[in-house]
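Report on the structure given below.
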């Protein structure tokens, strides 16, 4: 598709940004208005994302709907946006999840009454969520590395306030302990990601220097660098390339998070409210894995190849380690967090398996994991908000008093253990096949992860939902209309994408081929040429 | 003799002055040491102007003197008012920057 | 016709969706809707069957390609169906027995307020099971495979308020997951080896690859089969699965789901034929399990657990047969079908007994029930005769054929396997006679249940008795019908292939048959001596070491507990501790170190202008030094 | 000077000798400025150094600046310093004992390092060649300067003018003390003294009972101990109190001895009535404290 004069991508990113400002400006008394405004804005963004997905032509150029303006001319920094197939689905995922996050957090930020009337937590909460959405979308769209970097880091600020300012009040040791844990989690989140970002900044500058030396004029433009590499104008020396790769990868591994850089995630997800936790794991962290796929592999193919063994082992450790720790948790939100760590391990595995199944699987995995974790975590959040406790031990027999809640929880859980027929299975199996076809041993070990997944999900379900009804649970109301409105579409998506993922794969496949050509890899051939099935 | 020696002298005086600033506690003496440093600079400047054969160095030295005079006025005034409030002229008594 | 295949799966799936999402308004009519849809797919199955009979041998297989499921570079997964004779057999078994059990459940679950959901789950199971047997590639089969696992999980744990039920359900799912690992690895291996995992291309190109890979694939498939069909070493879940409602035990854990493993092995027969080592392992697993299950069945006082042991053992027979290759495939399936009839009948009978006895399951508290529930007695008795292989009834034919085939394998292997099969036959006779005697004969040993009211046994309602009667007819006649003129074998031959086994010299068919009957008589006699002549003690005697071990399922759970569960718990606890102390500790330690460092460094800020001036001056010195160095360089 | 024009590298031996002689004194003066205990001596040393520098200016052909140096610095600025010294007086700040740990050594280290580096820098700056100021000063040094100041540097010149004025104003503002309330009348002072009870009578005059009444000699109390209250506070701060009490006591003892001899009896009973003067001493001490607060 030709470079359209109409800046659709900019608009998509600008709408939530403006919406955030508008929401923040709503006067204190008009709390409901702020909520509705935020919801409306997020829906508009969703529409725009849908338009992008429609306008995107799978068989067209690699980057489409591109926009390019000069920004900081002296350093060749440009305001460059563009989408490839992977970015399209991830932008769609983001735009899709935010309305649910907002709906689920409808009452999370209502003022408790203790504060003065000028206190406007609600406005702040929803404004911050929209701000995060805007930044995430830009970082998915940016094809200029410096632009990406800025938003990759800027994301931390609203997230910091969302975690530290609007945490989960439910804590075994009471309110002020909760507040303490919350600020600890927020600071931990910030420091980890800042550390990663700092190292990445060094690498970004290094890349600029390299391009400056070799291309004459330094550039941050992904497309230009890829072009130059393809034409052989840009020859990065092995050591430099490896250093730069490590600089980028570290930041993404913190964000993703990969063992052993993961410990911020359980704190952050445990202490923040369920919608914010979804925001962290389903939206923000995806930027990390996405960036691995786009920047690490795209810019430094040889270095990626060089680092592959180590990264694969780390991913494998994450898978098993996360699952085992999930089994050992007493707090359901922390359990889901560790489960996410395990899933991120799968995603990284798929990325660095360097097979097209692995890459397609990893991309689908990002989407599916987003949806499934959102479903599970939001339902858990509803449950916690009813009972006021995150401890698994405080529950039991919920299935008897709130069957619908229990049912949705079970479906979310089954999606998390990637039951065939639900979306995550497709991606997980693709990742496993992709890994197995190049590294059989690692593939087999990773497959053990599906047993562990079954254990932590079913143990969680058994302890909370089945058995005799625990006291304080007996009076729990079932899901309300608003909550159904949040959960039902997610479940529908899980089933729909599980049965018919073709629309996604069609968008993703060409981008995957591009990435494969970036890393100059081709899939291993089967021993026996496949005999075409009669009915093909 | 090469006039560079003037520069050596200036350097020496400047150093002595600086050391004085660091060592003495009496604000007035500290001030004198500063004046000493300024004078050392002036000597250097004037030597330069002689070396380069133009008067700009002297002009700068001239301005230095003027500024130094102004500085002395203000500085001494500060010392006086400080003494009024603290009954002391020791720079160590103005240690409010301590954490 | 092809389009009907889709409908076959769609009907129960629709039922599940409607019943589970429908809400309370369906509570009154829901169960009939579920039953109706089950029958719908049964009728569809019959229609397709008739159509299939219209054609001759090779053209009977139908294919219908719905849509491309996962299209990724170099990876094509289709949602496509394949209906050949093998699938057709299963379709008829599943839908037929399934429909009957739906009807039975209408009566059995009458007083359960969650009956609607129960039927929803049953329909879900039917859909998944049909998908499993109709899929034309292993990945789609995998979907059905885990689908039935899910249904089984939901139905075992249907009475979730009972912690034991919830635990049993979880155990069943997780153990099955272990098997699923095998299946998925097998699929990956196929993909890597053949570049595809659809049945036809894989089976056609088996010859073009090495035996090593085929053996690996075969073993992985066997692992999957062990998980699903409760074969050693993954058998531990089946006994606990009896926590579910009895119709579930009848349908899922006797007739259909647990036989999926046999289907898998027979379906991928080509692979096993090319990998003799894998085949050998299959036969060994089968033989071991058939003895294991039988021994467990001999010691259980819980009627359902005793039947579960028997199921395990009978499936052991099937796996053994399937491991024998083309000699045995047809017999395995045949025994599977007959077993589907009589074992389902037996379970339904047990359910009917429990229905009359306030859900009492301990056979020591039964006794003399034949007077009170005649229909149950007769149908159960026929099933009993069938399973012990009473001449003329279906079990006789199918089991006898398997034993012959086992001997026909030839050599020491043949003798060992055949001997095991014979021993199994004797044990079968023993434990089934034991069940029969303890339940229906002797004097009554009823006790008041926990709520203190005495059971007054009565015959079950028509909705329950009719299915039992139908199944009883099946368990009487099916064997003869199949075996006469090798009808069944010829029916399956185009799919599984068939070759006549040749008994080792010194053995002849009548001798084997005679031996089988003799073993059966021996078993019955032993049981009668122990339980028929003298009264059964109300409290179980301590018994021999073997008995006690068998009561504890031959210590399988204890083994798993010691070998897997405990270490796992320690591992997770240790990791949680490490994650907190080590990984997190390093991070927090760094933070603390910086804090302390800065606390020391602020001492420099003593507030004296002069010391600040010194640092300035020092800075100046450094700068000058630097400049000079720069100029010097 | 003309000789100097040809020989572009060295200066006349006269200047050389002058430099070497005076330089020594200049350095000595500078050192004195730093080392002298009393600020007044430092000031004098500094003045000396400045005069020598003025001579060097002249030798370097900066006639105008040389004169200005003498007039402005040695004249005005140093006088200003002495005035302030007189105002502030001497205080404990004068002691050369270092109070900050390690300060002196650090200062020394930095100083030496700085000096060495600076000299090294000058050393390898290869400033061998230089031309004198003959042609620059051809029209007279002052004219040359004036031409520059009022043409090239006129703007800076204006600025410095503004700066000077500002500085003058600042000096006034800083040292000026606004009188907020009316000075208390004698009556009010008396009432105040009675109200706060300490030292009700006026301060004793210096030198009472003392040999002579110099202003720096404290009065002696009846028991002969000196009362610091009677000495001006500034003198007290400077510690410039001449204590003659010992001698006075000796005299007292001698007188009593004489009386004793005269009456021919030993002097035991005298010790008993020391209580009252002791009391007065303590009262004085209190009064001193009271005065301290009153300031």
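Every read-out reported here was derived from the displayed coordinates using simple, explicitly stated rules and does not represent laboratory data. Bear in mind that the values here come from a model prediction, so they are computed numbers and not experimental data. Cβ atoms come from the backbone with ideal geometry, glycine included; neighbour counts cover every protein chain shown.
Annotations for the structure displayed:
- Note on the protein assembly as shown: Cα-only Rg and Dmax are 49.7, 169 Å.
- Computed over region C:413-545: relative contact order in percent, which uses C-alpha pairs under 8 Å that are six or more apart: 59
- Based on alpha-carbon atoms, the Kirkwood radius and the radius of gyration of region C:378-499 give Rg/Rh equal to 1.12.
- For region A:131-220, the convex hull drawn through the C-alpha positions has a volume of 79 cubic angstrom per residue.
- Order of A:338, A:439, C:577 under a 10 Å beta carbon neighbour criterion, fewest first: C:577, A:439, A:338
- The shape of chain C can be summarised by an equivalent ellipsoid whose semi-axes, obtained from the alpha carbon gyration tensor, come to 55, 32, 27 Å from longest to shortest.
- Computed label-point distance, nm, for sites residue D:131 and residue C:615 using a 7 Å Cα→Cβ extension: 4.9
- Relative counts (whole %) of C-alpha pair distances in region C:479-633, using bins that are 5 Å wide: 2, 5, 5, 6, 6, 6, 6, 7, 7, 6, 4, 4, 4, 4, 3, 3, 3, 3, 3, 3, 4, 6, 2, 0
- Relative frequency of Cα-Cα separations exceeding 16 Å in region C:1-108, percent: 64
- Ascending count of other beta-carbon atoms within 10 Å, so fewest first, for A:252, C:481, C:272, C:67: C:67, C:481, A:252, C:272
- The calculated FRET efficiency for the pair residue C:58 and residue C:459, based on their C-beta separation and a Förster distance of 51 Å, comes to about 0.55.
- Förster radius 22 Å - calculated FRET efficiency between residue D:120 and residue D:24, Cβ distance, rounded to 0.05: 0.50
- Projecting label points 7 angstrom from Cα along Cα→Cβ for residue A:6 and residue B:94 puts them 6.9 nm apart.
- Tilt relative to chain C, helix C:138-156 - C-alpha long axis, 0 to 90 degrees, to 10: 80
- Span from the region C:421-500 Cα centroid across to the region A:1-66 one, whole angstrom: 66
- Pair-distance distribution of chain A: all C-alpha pairs, bin width 10 Å, starting at 0; shares per bin in whole percent are 4, 19, 31, 27, 14, 5, 1, 0.
- 0 to 90° range, to nearest 10: angle between helix B:4-23 axis and chain B longest Cα axis: 10
- Two numbers describe the Cα atoms of chain B: Rg and Dmax, which are 16.6, 53 Å.
- Rh by Kirkwood over Cα pairs, then Stokes-Einstein D for region C:171-299 at 0.890 mPa s and 25 °C, µm²/s: 161
- By the Stokes-Einstein formula, at 1.567 mPa s and 4 °C, region D:63-180 with its Kirkwood radius over alpha-carbon pairs has D equal to 65 µm²/s.
- Modelled FRET efficiency - R0 22 Å, residue C:529 with residue C:371, Cβ distances, 0.05 increments: 0.40
- Shape metrics for region A:394-536, restricted to C-alpha atoms - Rg then Dmax, Å: 20.4, 62
- Taking one quarter of the surface of the convex hull spanned by the alpha-carbon atoms of region C:260-410 gives a direction-averaged projected area of 9.0 nm².
- Only helices enter the 222 nm calculation for the protein assembly as shown: every DSSP H run of n ≥ 4 contributes -39,500 (n - 2.57), and dividing by all residues gives -22500 deg cm²/dmol, rounded to 500.
- Relative to the longest principal axis of the Cα atoms of chain C, helix C:509-527 runs at roughly 80 degrees.
- Gyration tensor verdict on region A:258-327 (Cα atoms; rounded if a/c is under 1.5, prolate if a/b is larger than b/c, oblate otherwise): oblate
- The Rg/Rh ratio for region C:552-612 is 1.60, where Rg is the radius of gyration of the alpha carbons and Rh is the Kirkwood radius.
- Pairwise label distance in nanometres, residue C:564 with residue C:43, each label 7 Å out on the Cα-Cβ vector: 4.4
- Value of D in µm² per second that Stokes-Einstein yields for region C:122-231, Kirkwood Rh from Cα pairs, at 20 °C (1.002 mPa s): 145
- Anisotropy class of region C:180-229 from Cα gyration tensor, a/c 1.5 cut: prolate
- Cα centroid of region A:453-477 to Cα centroid of region A:281-327, whole Å: 33
- Per-bin percent of Cα-Cα distances, region A:48-161 [5 Å]: 2, 11, 17, 18, 16, 13, 9, 6, 4, 2, 1, 0
- For region B:1-34 and region C:5-33, distance of Cα centres in Å: 101
- Tensor-based shape of region A:330-448 (alpha-carbon gyration tensor, a/c under 1.5 rounded, otherwise prolate or oblate): prolate
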